[in-house]
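These notes are about the structure you will find just below.
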Amino acid sequence: MFIKVCGLRTEADVDAAVEAEVDAIGFMFARSPRHVDASTVIRLMRRIPSTVLTVGVFRDQPLADVRSLVNITGVHGVQLHGKEGRPYYEQLSETGCTLIRGLSYREPLPRHGDLGEDILLLDAPVPGAGVPWDWSRRPLRTTAGKWLLAGGLTPENVGDAVRATNPWGVDVSSGIEISRGEKDPALIASFAKAARAARAAA
Ligand SMILES: O=C(O)c1ccccc1N[C@@H]1O[C@H](COP(=O)(O)O)[C@@H](O)[C@H]1O
């Protein structure tokens, strides 16, 4: 079970995520209450082992800005949530970054890799709002390959979500916060534990 936690902004957030042995940590470069600047990310990156995928999250931002933030901060991955097309993905793939394509769940689903992404992220209609979409509907047409379930996941519901959809991995932001934009180390730990327990029981 690949576990990504997103929107981290402080040393305490990052230390909790590393301690919980998550697989990926996301930093918000898109407009968001969780937005961080490059110098904060450079500082936080020093605390993250190289085995953890670090990801910059963007939405409809100029390609040059994305490249520049990747180079300055050293993140290994880029998550895109806007209307970026194939040429945008192709040019970003030259950076060697892992590319994550975020989109609201819809049917028919685009095929994994349609734009050159490495990982698909199936999200709620409003990314980062903490509102679950109806992933419990059956049959849920999921996709082959690497895909992350996101959208309103919490330590309480991630088990049901994993059992219902059998994702390759999960991604969370709001569900590990005590207030908008403020992460809680205990919630980070309990989310990772609950996600792993659900996969182990499957
Ligand atoms: O978090 C945000 O504000 C955000 C803004 C723009 C694009 C994506 C954003 N967040 C992503 O949304 C999903 C799920 O979030 P949540 O758990 O429902 O709060 C996650 O991938 C975030 O990276």
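The values are calculated or read from the model by the stated rules, or taken from the named source; none is laboratory data. If you're wondering where the values come from, they're calculated on a predicted model, not measured in any experiment. For neighbour counting, all protein chains shown are included, and Cβ atoms are generated from backbone atoms with ideal geometry for every residue, glycine included. Note: areas computed on protein heavy atoms with side chains; ligands, DNA, RNA excluded. Shrake-Rupley method; radii C 1.70, N 1.55, O 1.52, S 1.80 Å.
Identify all residues within region 185-202 that are within 15 Å of the ligand (Cβ to nearest atom) and farther than 23 Å from Ile100 by Cα; write none if there are none. Quick ask: steps written out before the conclusion?
Start the filter on region 185-202 by keeping residues that are within 15 Å of the ligand (Cβ to nearest atom), which leaves 187-188, 190-192, 194-195.
Leu187, Ser190, Ala194 - these are the residues of region 185-202 that are within 15 Å of the ligand (Cβ to nearest atom) and farther than 23 Å from Ile100 by Cα.
Within region 153-171, identify whether any single residue is touching a residue at least 24 places away in the same chain (Cβ under 8 Å) and closer than 18 Å to Thr10 by Cβ, and answer yes or no. Spell out how you get there, then give the answer.
Let us first name the residues in region 153-171 that are touching a residue at least 24 places away in the same chain (Cβ under 8 Å), namely 153-171.
Then drop every residue that is not closer than 18 Å to Thr10 by Cβ, which leaves none.
Scanning region 153-171, I find no residue that is touching a residue at least 24 places away in the same chain (Cβ under 8 Å) and closer than 18 Å to Thr10 by Cβ, so the answer is no.
Consider Leu109 carefully, then state whether it is outside any loop (DSSP other than H, G, I, E, B), more than 10 Å from the ligand (Cβ to nearest atom), open to solvent by less than 70 Å² (accessible area, probe 1.4 Å) and free of Cβ contacts under 8 Å to residues at least 60 places away in the same chain. Spell out the reasoning first.
Numbers: outside any loop (DSSP other than H, G, I, E, B): no; more than 10 Å from the ligand (Cβ to nearest atom): yes; open to solvent by less than 70 Å² (accessible area, probe 1.4 Å): yes; free of Cβ contacts under 8 Å to residues at least 60 places away in the same chain: yes.
For Leu109, the condition - outside any loop (DSSP other than H, G, I, E, B), more than 10 Å from the ligand (Cβ to nearest atom), open to solvent by less than 70 Å² (accessible area, probe 1.4 Å) and free of Cβ contacts under 8 Å to residues at least 60 places away in the same chain - is not met.
For Gly130, all conditions in the list (1) surrounded by fewer than 14 Cβ atoms within 10 Å (Cβ to Cβ); (2) within 19 Å of Leu8 (Cα to Cα); (3) at pLDDT below 95 hold save one; what is the number of the exception?
Only one criterion in (1) surrounded by fewer than 14 Cβ atoms within 10 Å (Cβ to Cβ); (2) within 19 Å of Leu8 (Cα to Cα); (3) at pLDDT below 95 is unmet by Gly130, namely (1).
Yes/no matrix, rows are residues, columns are (1) aliphatic (A, V, I, L, M); (2) under 23 Å from Ala30 (Cα atoms):
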| site | (1), (2) |
| --- | --- |
| Val131 | yes, yes |
| Gly151 | no, yes |
| Trp168 | no, no |
| Ile178 | yes, yes |
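Restricting to region 90-106, and then to whatever is away from the ligand (no atom under 15 Å from the Cβ) and open to solvent by 20 Å² or more (accessible area, probe 1.4 Å), can you tell me which residue is nearest to Val131 (Cα to Cα)? Steps first, please.
Start the filter on region 90-106 by keeping residues that are away from the ligand (no atom under 15 Å from the Cβ), which leaves 90-97, 106.
Next, from what is left, pick out any that are open to solvent by 20 Å² or more (accessible area, probe 1.4 Å): 90-91, 93-96, 106.
Values: Glu90: 31, Gln91: 32, Ser93: 31, Glu94: 34, Thr95: 33, Gly96: 32, Arg106: 16 Å.
Residue satisfying both the conditions and the ranking: Arg106.
Go through region 23-43 and give me each residue that's among the aliphatic types (A, V, I, L, M), within 13 Å of the ligand (Cβ to nearest atom) and either touching a Gly at 6+ places or on another chain (Cβ under 8 Å) or outside any strand (DSSP E or B) (or both).
Selection gives Ala24, Met28, Ala30, Val36.
Taking into account only those residues within region 72-90 that are in a loop (DSSP other than H, G, I, E, B) and free of Cβ contacts under 8 Å to residues at least 24 places away in the same chain, which is farthest from Ala30 (Cα to Cα)? Give the derivation first.
Looking only at region 72-90, we keep the residues that are in a loop (DSSP other than H, G, I, E, B), and these are 74-76, 81-85.
Okay, now just the ones that are also free of Cβ contacts under 8 Å to residues at least 24 places away in the same chain, so 76, 83.
Values: His76: 17, Lys83: 13 Å.
Checked region 72-90; the qualifying residue farthest from Ala30 (Cα to Cα) is His76.
Return the only residue of Glu182, Glu177, Glu156, Glu117 being within 14 Å of the ligand (Cβ to nearest atom) and crowded, with 22+ Cβ neighbours inside 10 Å. Break it down stepwise before answering.
Working: Glu182 fails: crowded, with 22+ Cβ neighbours inside 10 Å; Glu177 fails: crowded, with 22+ Cβ neighbours inside 10 Å; Glu156 fails: crowded, with 22+ Cβ neighbours inside 10 Å.
Only one candidate qualifies: Glu117.
Assess whether Leu69 counts as being farther than 21 Å from Ser179 by Cβ and assigned to a helix (DSSP H, G or I). Don't jump to the end; show me each part of the working.
On the way: farther than 21 Å from Ser179 by Cβ: yes; assigned to a helix (DSSP H, G or I): yes.
The answer is yes for Leu69.
I'd like the full set of residues that are surrounded by fewer than 20 Cβ atoms within 10 Å (Cβ to Cβ) and among the aromatic types (Phe, Trp, Tyr), limited to region 1-38.
Across region 1-38, the qualifying residue is only Phe2.
Condition check: part of a loop (DSSP other than H, G, I, E, B) and not charged (D, E, K, R). Does Pro127 satisfy that? Before the answer, list the steps.
Numbers: part of a loop (DSSP other than H, G, I, E, B): yes; not charged (D, E, K, R): yes.
For Pro127, the condition - part of a loop (DSSP other than H, G, I, E, B) and not charged (D, E, K, R) - is met.
Testing Leu80 on (1) within 12 Å of the ligand (Cβ to nearest atom); (2) closer than 30 Å to Ala197 by Cβ, one condition comes back false. Which one is that?
For Leu80, the failing item is (2).
Can Gly77 be described as within 14 Å of Phe58 (Cα to Cα) and touching an Asp or Glu at 6+ places or on another chain (Cβ under 6 Å)?
Numbers: within 14 Å of Phe58 (Cα to Cα): yes; touching an Asp or Glu at 6+ places or on another chain (Cβ under 6 Å): no.
No: the conditions fail for Gly77.
Filter region 57-89 down to residues that are of a type in the set (Gly, Ala, Ser) and open to solvent by 40 Å² or more (accessible area, probe 1.4 Å), then give me how many there are.
Residues of region 57-89 that are of a type in the set (Gly, Ala, Ser), as a first pass: 64, 68, 74, 77, 82, 85.
Going one step further and asking which of them are open to solvent by 40 Å² or more (accessible area, probe 1.4 Å), we end up with 64, 68.
Residues meeting the conditions: 2.
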